[in-house]
Amino acid sequence: MLAGACAVVGTSGCGAARQDAREVKGDFAMEVVKVSFPKRQSIARPASLELQVRNVGSRTAPSVAVAIDSFYYTENYPELASTQRPVWVIEQGPGTPARTPVQSQAVNAPGGAETAYVNTWTQGALAPGQTQTFVWRVTPVRAGMHTVHFTIAAGLAGRARAQTPSGAPVQGALSANIAALPPSRHVDPKTGRVVSGPFPLIP
């Protein structure tokens with residue numbers, strides 16, 4: 001137990017280097033230049049959340065990271081295996097999915113930007129003037145009005161902080177109204193295309 005605790009905190013007394021020892025310390029000017037997430041969604045209909053982050057400072061950010069704390073909600077019913085229940089199921093996270101050498105079953109949603117940190121994704125360093133795009137492909141599974149909160153960081157270890165040119169944290173919120181039923185659609189028998197509306201009654 002003690003060895004495990006030492007591995008987590010990385011104290012010098014345990015003979016291990018700090019996890020943030022190599023991360024550059026400082027503030028990095030960044031801004032979100034694009035946010036896209038449908039305001040109206042429905043159960044079982046896929047949607048995409050897109051964030052574009054630009055480095056507007058003069059130094060390279062060591063590892064731009066996005067943390068999202070609202071894909072799940074907390075449920076306190078007794079005997080649940082986990083109190084964290086999904087509002088959106090993540091079908092694919094940011095980044096290019098890794099190519100597996102053999103056929104296998106993915107344990108986590110594909111996307112090469114996933115990290116060991118909870119609900120946090122990174123796509124590496126970001127040079128001045130450059131932009132990174134983060135895209136989550138999700139499926140809503142809980143109806144109602146929900147808000148997604150996101151926070152941008154310039155590094156994973158906490159030493160490199162992201163801030164707007166005015167000095168404020170780089171963060172935001174997006175709201176979506178998820179309908180309980182998916183919109184009505186059907187296959188047009190004349191064209192074979194999927195169109196909106198109920199299937200027409202046959203006289």
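Residues in the stretch 21-80 that are within 30 Å of residue 144 (Cα to Cα), in a loop (DSSP other than H, G, I, E, B), open to solvent by 10 Å² or more (accessible area, probe 1.4 Å) and modelled with pLDDT under 95: 43, 44, 45, 46, 69, 70, 75, 76, 77, 78, 79, 80.
Listed by position, the strands (runs of 3 or more DSSP E) contained in the stretch 126-203 that have at least 2 residues being touching a residue at least 60 places away in the same chain (Cβ under 8 Å) are 131-140, 144-153, 160-163, 171-179.
The values are calculated or read from the model by the stated rules, or taken from the named source; none is laboratory data. Being a predicted model, the structure only gives us computed values, none of them experimental. Cβ: placed from backbone, ideal geometry, glycine included. Neighbour counts: every protein chain shown. For the accessible areas, the whole protein counts, side chains as well, though only heavy atoms, and no ligand, DNA or RNA atoms are used. Shrake-Rupley method; radii C 1.70, N 1.55, O 1.52, S 1.80 Å.
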